[in-house]
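The values are calculated or read from the model by the stated rules, or taken from the named source; none is laboratory data. Treat the numbers as computed from the prediction; the structure is a model and nothing was measured. All Cβ positions, glycine included, derive from the backbone under ideal geometry; neighbour counts span all protein chains shown.
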Amino acid sequence: MSDSAEYTPPKVWTYTQPSGGSFANINRPIAGPTHEKVLPVGQHPLQLYSLGTPNGVKVTIMLEELLALGHTGAEYDAWLIRIGEGDQFGSGFVDVNPNSKIPALVDRSGAKPVRVFESGSILVYLAEKFNAFLPKDIPARTETLNWLFWQMGSAPYLGGGFGHFYAYAPTKNEYAINRFAMEVKRQLDVLDRRLAESEYLAGSEFTIADIATFPWYGGLAKGWQYGAAEFLSVQDYKNVQRWAETIWARPTVKRGRMVNRTSGDPSEQLRERHDASDFETKTQDKLTESNL
C-alpha cells in the first residue's frame, strides 16, 4: 500500500489554498461570520435552521415524533440552510451556533429565546422539555445517554472520516479509506451485537438514542450513505438491518427525513416545513405528477 506521492508535513501548518474536493469552498481554519444575514422567524414556538443531512434529520424526526404524540408546543418552522452556499456563516446563524454547523434551534416559547446547537444537545433539550423519548428511571436514562453519546462520538468517523475519503476527497487515498472503513465496520459490529440482545439501542423502548443513530447507521444499512453499502457489506449486519427496517416503518421517520432535504427523489423533498399541511400538499403533488 502506498500513496502516489509522499507528503512531508511542514513544521508549522498554514492555510494557503483550499484542499479540493467537495465542500472545499466552505472549509476554512477560522470561525465567525463571513457576511451579514438575519435569520427568518416563522409563527411557531420552535425555529429550526437546518439541512436534511443525517445530523439535521435527527431533529426533524424528533419533532415529528413529538407532534405525533400530541405535543402541540413542538410545532416548528424548518428553514433551509444551504451549507454549500455558506448560509451557516451568516451573522444570524452564527449568533445561534458559533460553530457554524447545522442543525440549530431557537425556542421562542418563553419570555426570552433559547438557542440550542449540536444535534445531541437539541435532542436532550426537546426530550426534557416535552418529557418524551428519554426515560426518567436513572438506569434507563443513563443507557439512553450512553448510546446517544456513543453516536455523537462515532459519527465523525463515518461521515468526516470514511465518507469524506471514500466519496468526497479529490483523490482516493488507500490508507485513509481502509483505516476508516475498518472503524466503520467495527462500529457496525458494536451496534449489531447490541441489537442482538435489545430491540432498540437503550432497551425495549424507542428513545433519542435511536433517533440520533438511525439517520447515520440506519441510513448506511439501507444503502443511502456514500454509495458504500456493497463496499462495507452492510447486509451482513442482520440485527442492524432489522432495527433499521423497524424504525423506517414509522411514518414520523419518513416525514422527518423529508424536511430540509435537497437531494434524491424530488417527491421525497420538503425543502422547508412551516405547517403539518405541507406534507399533505407534497403528497398531493406526488399523486398529481404520477397521473400526468
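Filtering the stretch 246-264 to residues that are farther than 22 Å from residue 196 by Cα, at pLDDT 95 or above and in a loop (DSSP other than H, G, I, E, B) leaves 260, 261, 262. With respect to residue 171, is the statement that it is at pLDDT 95 or above, at negative phi and among the hydroxyl-bearing types (Ser, Thr, Tyr) true? Here the answer is no, as residue 171 does not meet what is asked. Out of 246, 213, one residue alone is touching a residue at least 60 places away in the same chain (Cβ under 8 Å) and within 21 Å of the chain's Cα centre (by Cα). It is 213. Considering only residues of the stretch 94-107 that are closer than 22 Å to residue 26 by Cβ and in contact with a strand residue (DSSP E or B) (Cβ under 6 Å, 6 or more places away or on another chain), which is surrounded by the most Cβ atoms within 10 Å (Cβ to Cβ)? Step by step, filter the stretch 94-107, then rank; the result is 104. Out of 120, 90, one residue alone is more than 15 Å from the chain's Cα centre (by Cα) and of a type outside the set (Val, Ile, Thr). It is 90.
Annotation note: of 61, 30, the sole residue that is among the hydrophobic types (A, V, I, L, M, F, W, C), under 22 Å from residue 93 (Cβ atoms) and not in a loop (DSSP other than H, G, I, E, B) is 61. In the stretch 151-173, the condition of being in contact with a strand residue (DSSP E or B) (Cβ under 8 Å, 6 or more places away or on another chain) and of a type in the set (D, E, K, R) is met by no residue.
Could we say that residue 161 is among the small types (Gly, Ala, Ser) and either in contact with a Gly (Cβ under 6 Å, 6 or more places away or on another chain) or within 29 Å of residue 230 (Cα to Cα) (or both) here? When the stated conditions are applied, residue 161 passes them.
Note on the stretch 108-223: enclosed helices (runs of 4 or more DSSP H) holding 1 or more residues that are among the acidic types (Asp, Glu) and buried (at least 17 other Cβ atoms within 10 Å of the Cβ) are 138-156, 174-197, 208-213.
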